[in-house]
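The values are calculated or read from the model by the stated rules, or taken from the named source; none is laboratory data. Keep in mind that this is a model prediction, so the values were computed, not measured. Backbone-built Cβ (ideal geometry, glycine too); neighbour counts: all protein chains shown. Heads up: the accessible areas ignore ligands, DNA and RNA and are worked out on the full protein's heavy atoms, side chains in. Shrake-Rupley method; radii C 1.70, N 1.55, O 1.52, S 1.80 Å.
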Amino acid sequence: KRKEITLLMPSENESLHLLEMAIEITKSHNLERYEISAFAKKGFYSRHNTGYWIGRPFIGFGPSAFSYLPFRRFQTIPHFLRWIKKVDNGEDPTEFQEELCPKAHKRELLALHLRLLQGFSLSDFTNRWGELSIETASLLKKWEEEEFLEKEGDKLLLTSKGALFYDHLASEII
């Protein structure tokens, strides 16, 4: 099956062309790309999803729900009957939880912040989460020189070239 699906996948050039078409079509309908994979009318960006990209804590309820608190994320049991049995018995329905060390947490949040195409304040980020490591700061500087990132005053943002390579950049940060 995987091989069959791979044969149907567009080439990188076709994918790029399709993305460019999608951006133009959405623009023609007064939608702007405000995040790597989201478009909306100006002023109507998803507050819910934006919360993920800026590291806002959230609690999910019900089976399969994810929650995030600084340095910790967890998920409840995805199977409804197993979940309800735990709840009925007064037991914790958490199936998965992960504690993030501060360095890994900061790198992940930096990668998530970069999803927002309008950029973000680097000083606000470091005031909230701490200074960037020398390695991470060097990586950002290198990407700025390679025109994947740009700075507008204190604001750090992906260029259009950087948006095309977001997945690769994020994986290098994390």
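Scan (1) out of contact with any strand residue (DSSP E or B) (no Cβ under 7 Å at 6 or more places or on another chain); (2) under 22 Å from residue 131 (Cα atoms); (3) open to solvent by 90 Å² or more (accessible area, probe 1.4 Å) for the single condition residue 99 breaks and write down its number.
(1)
What strands (runs of 3 or more DSSP E) completely inside the range 1-71 contain at least 1 residues that are hydroxyl-bearing (Ser, Thr, Tyr)?
Ranges flagged: 32-35, 66-69.
Working only within the range 68-83, note down all residues that are at pLDDT 95 or above and not aromatic (Phe, Trp, Tyr).
Hits for the range 68-83 are 75, 76, 77, 78, 79, 81, 82.
Residue-by-condition table, conditions (1) touching a Lys or Arg at 6+ places or on another chain (Cβ under 9 Å); (2) among the charged types (D, E, K, R); (3) open to solvent by less than 100 Å² (accessible area, probe 1.4 Å):
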{"position": "9", "(1), (2), (3)": "no, no, no"}
{"position": "12", "(1), (2), (3)": "no, yes, no"}
{"position": "16", "(1), (2), (3)": "no, no, yes"}
{"position": "28", "(1), (2), (3)": "no, no, yes"}
{"position": "32", "(1), (2), (3)": "yes, yes, yes"}
{"position": "44", "(1), (2), (3)": "no, no, no"}
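Testing residue 106 on (1) touching a residue at least 12 places away in the same chain (Cβ under 8 Å); (2) open to solvent by 60 Å² or more (accessible area, probe 1.4 Å), one condition comes back false. Which one is that?
(2)
Look through the range 70-96, keep the residues that are open to solvent by less than 60 Å² (accessible area, probe 1.4 Å) and not hydroxyl-bearing (Ser, Thr, Tyr), and return whichever of them is farthest from residue 168 (Cα to Cα).
In this case the residue turns out to be 84.
Table: residues versus (1) under 19 Å from residue 53 (Cβ atoms); (2) among the polar types (S, T, N, Q); (3) in a helix (DSSP H, G or I).
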{"residue": "84", "(1), (2), (3)": "no, no, yes"}
{"residue": "103", "(1), (2), (3)": "no, no, yes"}
{"residue": "123", "(1), (2), (3)": "yes, yes, yes"}
{"residue": "157", "(1), (2), (3)": "yes, no, no"}
{"residue": "169", "(1), (2), (3)": "yes, no, yes"}
